[in-house]
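In what follows, a single structure is set out as structure tokens and then discussed.
What follows draws every value from the coordinates through simple rules; no lab data is involved. As the structure is a computational prediction, the values presented were derived from the model and not from experiment. A quick note on method: Cβ atoms are made from the backbone with ideal geometry, for glycine too, and the neighbour counts reach across all protein chains shown.
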Amino acid sequence: MDNLPENLKQPMIDLLLAVADDKLMLGHRNSDWTGLGPILEEDIAFSSLAQDEIAHAQVIYELLSPLVDKTADELAYGRSIDQYRCAQIVELPDGFDWAVAIARQFFCDHFDRLRLRALSHSSYKPLADVASRLAAEEQVHVDHVDAWIVRLGKGNTDSKQRLQTALDQLSPIAPMLFEPVDHEAELITAGLYPQAETDMFHAWRDVLQHVAHEGGLALELSPPNAGAQGGRRGHHSEHLKSLLDEMCEVYRLEPGVAW
Amino acid sequence: MIDTESIMDVLREIPDPEMPISIVDLGLVEDVRIETNGDSAVVSIDILPTFVGCPALPMIENEIRTKVGAVEGVGEVSVQFIYDPPWSVDRISDDGRRSLAAHGVTVPEHGSKLDVPGHGSTVELRTSAIACPFCNSNETRLDSQFGPTRCRMIYYCESCKNSFEHMKRV
């Protein structure tokens, strides 16, 4: 279908905002490493990840644009904090700790790829077309971060310990990536956000554990509590405010101005 | 008289801003439609982006508007970016592949799948033999999955000690 049923419009808007907001914030965090990567290749890698994620966010905001009658820029920079739908894990600063940056990437890239693969089968055709392209691009991110998880895990005691600490730090909040947006179940039933037979959380947990174990690392993940309220419902960490203040600084000088 | 082929000839002269080949050889041009309206024709062109939101897209669109718009009898040019069918490296022509190789950029073999296989182990870096474009050796290894543009990665040839670029398999 090319048009959404009226009653599913708002849930679809929330879902697309969740996808785009995750990508925009993660891309912004990735760009923190430009010029500061631990080696040249990773400086380029994190700068490329930032470019990819922000470009992905842009194309999703453009899909949203006609549904909400706002431009992509207005959506990216012009909302109040409670209108963002990103998960809290993408808001956290990594403190320029390479292990934290890699661990966050690990949780988020795998989740993003699974979500995009599901959306590439959406009955909403404009979304399915874009999602299948994005899923293919996201595969490169997954390959990249998996290689680093194994490399650091097998590196030496120091690299393994640091990565283990970072995984332990983020694993309690990472499952909140799966917090549903309001009325998500209706999108699933309607075929707009089709789910594979294996439930997505378990698919995610299995692949993460497989890779972590390959690197000799321990990883425990539990599904989010049913009633937990997080970023998908507009409840954010204190870090999102400072992130937005920095990211939107120029836009807020004169919203809507042509560049 | 304007026909599709004459428009394609113009498009063949437009290089990709980030690749040493034309946008036609790169497989970006999906469709050209011409509607004649009295003396002037309306030309609409469907373009498939390589990477989503590629920063070269606005440049490509401008080039097309300028060059096609300059053809006698063309009144209006519209450019649409579409995702169906998806672009893939399979769309790069043989001429395009040869030209890229001459510039030190290799392209995955035909038949690469867009839909990547399930979530099996992806821990191995992809080091399947990619022949060096300079010396043809298979003694090459992946150096970095990210390169000078979003669509390319960096390989290193152990035989001739040159780096070269390889287009991502999407």
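Here are the numbers for the structure shown:
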item: Partner chain coverage, peptide A:56-62 - average Cβ within 10 angstrom; result: 2
item: Eligible lysines near residue A:241 by straight Cα distance, threshold 18 Å, same-chain separation 8 or greater; result: A:23
item: Choice from B:47, B:34, B:130 showing the highest fluctuation, given a GNM over chain B with Cα pairs closer than 10 Å; result: B:34
item: Whole-Hz ³J(HN,Hα) from phi, Karplus 6.51 cos²θ - 1.76 cosθ + 1.60, for region B:11-20, glycine and proline x; result: 5, 5, 8, 9, x, 5, x, 10, 9, x
item: Per-residue average of Cβ from other chains inside 10 Å of A:134-145; result: 6
item: Euclidean distance between Cα centres, region A:155-195 to region B:1-15, Å; result: 49 Å
item: Rg/Rg_globular for region A:26-156, with Rg_globular taken as 2.2 N^0.38 Å and Rg from C-alpha atoms; result: 1.12
item: Cα centre as origin, Lys/Arg/Asp/Glu Cβ charges: the protein assembly as shown dipole, Debye; result: 980 debye
item: Shape of region A:209-256, Cα gyration tensor, a/c cut at 1.5; result: oblate
item: Cross-link reach list, aspartates and glutamates versus residue A:9, counting only Cα pairs under 15 Å and skipping chain neighbours closer than eight places; result: A:69, A:182, A:184, A:186
item: Whole-angstrom gap from region A:1-47 to region A:94-142, using each part's C-alpha centre; result: 8 Å
item: Two-decimal log10 I(q)/I(0) for region A:80-232, as the Debye equation yields it once each C-alpha is a single scatterer, q = 0.13, 0.18 Å⁻¹; result: -0.63, -1.14
item: Dipole of chain B, positive direction: furthest Cα of B:43, B:156, B:59, with charges on the beta-carbon; result: B:156
item: Per-residue average of Cβ from other chains inside 10 Å of B:48-58; result: 4
item: Pair-distance profile P(r), taking every C-alpha pair of chain B, with 5 angstrom steps and integer %; result: 1, 8, 16, 18, 17, 13, 10, 7, 5, 3, 2, 1, 0
item: Leading residue at positive end of dipole, region A:6-253 (Cβ point charges), from A:240, A:65, A:8; result: A:8
item: Expected 222 nm ellipticity per residue - DSSP helices of 4 or more, -39500 (n - 2.57), all of chain A, to 500; result: -21000 deg cm²/dmol
item: Distant-in-sequence amide H partners of residue B:152 (H built 1.01 Å from N, under 5 Å); result: B:147, B:168
item: ³J(HN,Hα), Karplus 6.51/-1.76/1.60, whole Hz, each residue of region B:63-73, x for Gly, Pro; result: 4, 4, 4, 5, 6, 6, x, 7, 5, 4, x
item: Residues with amide H under 5 Å from that of residue B:21, placed H, sequence gap 5 or more; result: B:16
item: Lys, Arg +1 and Asp, Glu -1 on Cβ, resulting dipole of region A:6-253 about Cα centre, debye, nearest 20; result: 240 debye
item: Helix-only [θ]222 nm of chain B, DSSP H runs n ≥ 4, -39500 (n - 2.57) each, per residue, nearest 500; result: -5500 deg cm²/dmol
item: Region A:169-252: projected area of the alpha-carbon convex hull, averaged over directions, in nm²; result: 8.2 nm²
item: Peptides ranked, highest mean first, by Cβ atoms within 10 Å: ranges A:11-22, B:137-148; result: A:11-22, B:137-148
item: Peptide ranges A:79-85, B:14-20 listed from the most packed, as the mean C-beta count within 10 angstrom indicates; result: B:14-20, A:79-85
item: Relative compactness, region B:4-81, computed as alpha-carbon Rg over 2.2 N^0.38 Å; result: 1.05
item: Reciprocal of mean inverse Cα separation for chain A (Kirkwood radius, Å); result: 18.7 Å
item: Calculated from backbone phi, Karplus (6.51, -1.76, 1.60) coupling profile of region A:202-209 in Hz, x at Gly/Pro; result: 5, 4, 5, 4, 5, 6, 5, 5
item: Built amide H within the under 5 Å cut-off of residue B:81, gap 5+; result: B:47
item: Given charges at beta-carbon only (K, R positive; D, E negative), |dipole| of chain B in Debye; result: 860 debye
